[in-house]
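All remarks here apply to the structure that follows.
The values are calculated or read from the model by the stated rules, or taken from the named source; none is laboratory data. Note that the coordinates shown come from a computational prediction; the quantities given were computed from them, not determined experimentally. All Cβ positions, even for glycine, are placed from backbone atoms using ideal geometry, and neighbour counts span all protein chains on display. These area figures cover heavy atoms from the full protein model, side chains too; ligands, DNA and RNA do not enter into them. Shrake-Rupley method; radii C 1.70, N 1.55, O 1.52, S 1.80 Å.
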Amino acid sequence: DDALVVAYSAVAELLCFRRLQWPAPRNVLCAYVETSAAINGLDIVGLTEKRPNILEACDLFDIPHMSAEQKKHMRDLIINNTEYTEQQWREIEDYNRDDVLLTIPLLEALAPKIDVPAEGVAAPPPPEL
């Protein structure tokens, strides 16, 4: 109850929880949703879809990251194979670690923009439409 699960795409991570039959976490923060909220309404050159992947989100906040080509190569390696050499396993582990660690500076950049009510304080009512 006192842990917070943070992921860039919490939906994908929660699907893994479901598939592995793990109990769903109670507190989840999706950095993708928070990035989308932070840029909502902004006219950002090169980001016409307004649905940034994690590398594009890092670019928005000047966070260094792996190249898009490296990410594509690793995703293709993972998705298109069922067996891996020891070297490939090491590459996959490094890629996964690096990908997850990008969430830390991204969360730090987003934190001032995230509106989270303090414990015991009621959230304001939603605006009337």
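Tabulated results
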read-out: Members of segment 100-113 found to be part of a helix (DSSP H, G or I) and in contact with a helix residue (DSSP H, G or I) (Cβ under 7 Å, 6 or more places away or on another chain), listed by number; value: 103, 106, 107, 110, 113
read-out: Residue 107 vs. criteria loosely packed, with under 12 Cβ neighbours inside 10 Å, under 17 Å from the mean Cα position of the chain (by Cα) and closer than 17 Å to residue 30 by Cα; value: no
read-out: Subset tally (residues that are open to solvent by less than 70 Å² (accessible area, probe 1.4 Å) and under 20 Å from the mean Cα position of the chain (by Cα)) for segment 69-88; value: 4
